[in-house]
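The values are calculated or read from the model by the stated rules, or taken from the named source; none is laboratory data. Quick caveat: nothing in here was measured; it's all calculated off a predicted structure. Neighbour counts run over all protein chains shown; Cβ positions are idealised from the backbone, glycine included.
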Amino acid sequence: MQFVWGAAGRKSGGEESHHAGDLGHLDEKAAADALRFHRSFAAYEPTPLRALDHLAQEWGVGGIFVKDESYRFGLNAFKVLGAAYAIGCCLSQRLGIPIDEASFELLRSAEAKQKLGTITFVTATDGNHGRAVAWAAQQLGQKAVIYMPKGAAQERVEAIQQTGAEVIVTDGNYDEAVRLSSRMAEQHGWQVVQDTAWEGYTEIPRWIMQGYTVMAAEAIAQLQEKTGRTRPTHVFLQAGVGSMAAAVLGYLVNRFADDPPLAVIVEPAAADCMYRSALSPDGSPYAVSGDLHTIMAGLSCGEPNPFAWEILREHAAAFVRCPDYVAAQGMRLLAAPLGGDPRVVSGESGAVGIGVLAELIRDGRQAELRERLQLGADSVILCFSTEGDTDAGQYREIVWDGKHARPSQDR
């Protein structure tokens, strides 16, 4: 496991940072608008915030909290927060009404359908985002076409197909699937709903990020209710293209501007575009190419969302790249909790944050990062389990059979 400091980490060492990422669209009002829209869905409920008190005591920290997104809208992952809100914003814009006046009932009404006609939403996905787009399109009476990279788990393909969407598994990696979906949208007049941005495509990625802030707003409200604490001191955020991590961190920096939590951004070593971007001398985003093979399918992304990177570059404390066994360890820790701690069923991309925390606490080789981050008795740590067992077969192989165990030389 390797790390590099972000601007927030360097500030504590006396170094100056440079550019400020744009946080204006990730404030409390944006989160409130997104939350109001999601509440208009009958299936909406806040996902649980799990307190791992026994684990915190074992590791000598003040508290460990895990936001369990496996309960989100029955879809086993958080992605629908961004997809549904972005599609809602898109439909509202076409109807000429502000999103704060829109609702599920209005957007699905016969009057809206008559004005809108049938719209096909298209995206590329490793699984969770595509299922979210497909589900949201179905719920709102529209269509979806989903492109997936080679090697996509059959269970994830079938879960998307069950929403009525068309699914195409490509011969390329995730980033190539993104480009293909964009070309198909141009050819067929479809609407792209992708959680990364490029030249000429910026509005929908911002809406998606605003949707993700609901997860952070819920977590802070639950933390305050459970403990009376105002905020976490540390937050561990996994990054693929970086949209979720930047959305949550942007919201927290806006909410706690005078003393934001220290954020650790974690990635698989095989798809470490944020880590490599943090090493860039001029602060520009760095794209990683190739197969990007990792068990963390939802994080197997080689090209950063440029909006997200600006926020993470300026406001993250550290960037960590880790081998797959770290995520597997996190899955097993959450599946077999200490004492009376609640069990969390967390998939490969969901558990990597707690896996990295375990390495920082337990591995003496990580002492420098642990001490610089001031992880200790007063630390209140927030992690986001962004998915459940979305690939149930692989989940069992890892949790039951010990697949992807720590290599003997690293023990």
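Before moving on, here are some points about what is shown:
- Residue that is surrounded by the most Cβ atoms within 10 Å (Cβ to Cβ), among those in the stretch 264-296 that are part of a helix (DSSP H, G or I) and in contact with a Phe, Trp or Tyr (Cβ under 9 Å, 6 or more places away or on another chain): MET274
- Residue within the stretch 316-329 that is assigned by TED's automatic domain parsing to the domain that holds LEU262, touching a Leu at 6+ places or on another chain (Cβ under 7 Å) and among the polar types (S, T, N, Q) present: no
- Selection status of GLN394, polar (S, T, N, Q), in a helix (DSSP H, G or I), over 25 Å from GLU218 (Cβ atoms) and at pLDDT 90 or above: yes
- Some residue of the stretch 23-31 being more than 22 Å from LEU360 (Cα to Cα), in a loop (DSSP other than H, G, I, E, B) and at pLDDT below 90: yes
- Boolean, ALA216 is touching a strand residue (DSSP E or B) at 6+ places or on another chain (Cβ under 6 Å), within 26 Å of ALA84 (Cβ to Cβ) and at pLDDT 95 or above: no
- Each residue in the stretch 331-342 was checked for being surrounded by fewer than 24 Cβ atoms within 10 Å (Cβ to Cβ) and either touching a Phe, Trp or Tyr at 6+ places or on another chain (Cβ under 9 Å) or not in a loop (DSSP other than H, G, I, E, B) (or both), and 3 pass.
- When restricted to residues that are part of a helix (DSSP H, G or I), surrounded by fewer than 24 Cβ atoms within 10 Å (Cβ to Cβ) and small (Gly, Ala, Ser), the stretch 64-104 contains 3.
- Yes/no for VAL345 being among the β-branched types (Val, Ile, Thr), surrounded by fewer than 21 Cβ atoms within 10 Å (Cβ to Cβ) and either touching a Cys at 6+ places or on another chain (Cβ under 8 Å) or part of a loop (DSSP other than H, G, I, E, B) (or both): yes
Residues checked against (1) among the charged types (D, E, K, R); (2) assigned by TED's automatic domain parsing to the domain that holds ALA34; (3) closer than 22 Å to HIS38 by Cβ; (4) touching a helix residue (DSSP H, G or I) at 6+ places or on another chain (Cβ under 8 Å):
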site	(1), (2), (3), (4)
ALA221	no, yes, yes, no
ALA247	no, yes, yes, yes
PHE256	no, yes, no, no
PRO268	no, yes, no, yes
ASP272	yes, yes, no, no
ALA278	no, yes, no, yes
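- Scanning the stretch 77-119 for residues that are among the polar types (S, T, N, Q) and more than 18 Å from ILE208 (Cα to Cα) returns SER109, GLN114, THR118.
- Residue check, ALA43 touching a His at 6+ places or on another chain (Cβ under 8 Å) and either surrounded by fewer than 22 Cβ atoms within 10 Å (Cβ to Cβ) or not assigned by TED's automatic domain parsing to the domain that holds LEU334 (or both): no
- Within the stretch 297-330, the set of residues being in contact with a Cys (Cβ under 9 Å, 6 or more places away or on another chain), in a loop (DSSP other than H, G, I, E, B) and under 20 Å from GLY350 (Cβ atoms) comprises just one member, CYS301.
- Lone unmet requirement of (1) surrounded by 24 or more Cβ atoms within 10 Å (Cβ to Cβ); (2) assigned to a loop (DSSP other than H, G, I, E, B); (3) at pLDDT 95 or above; (4) not hydrophobic (A, V, I, L, M, F, W, C) for GLY240: (3)
- Search result, residues across the stretch 368-402 that are surrounded by fewer than 16 Cβ atoms within 10 Å (Cβ to Cβ) and out of contact with any Leu (no Cβ under 9 Å at 6 or more places or on another chain): GLU368, GLU371, GLY376, ALA377, ASP378, ALA392, GLY393, ARG396, GLU397, TRP400, ASP401, GLY402
- Check on GLU166, modelled with pLDDT of 95 or more and either of a type in the set (D, E, K, R) or under 25 Å from THR294 (Cβ atoms) (or both): yes
- The criterion of at least 2 residues that are surrounded by fewer than 18 Cβ atoms within 10 Å (Cβ to Cβ) is met, among strands (runs of 3 or more DSSP E) falling completely within the stretch 112-216, by 166-169.
- Annotation: of all residues in the stretch 348-367 being assigned to a loop (DSSP other than H, G, I, E, B) and among the charged types (D, E, K, R), the one that is surrounded by the most Cβ atoms within 10 Å (Cβ to Cβ) is GLU348.
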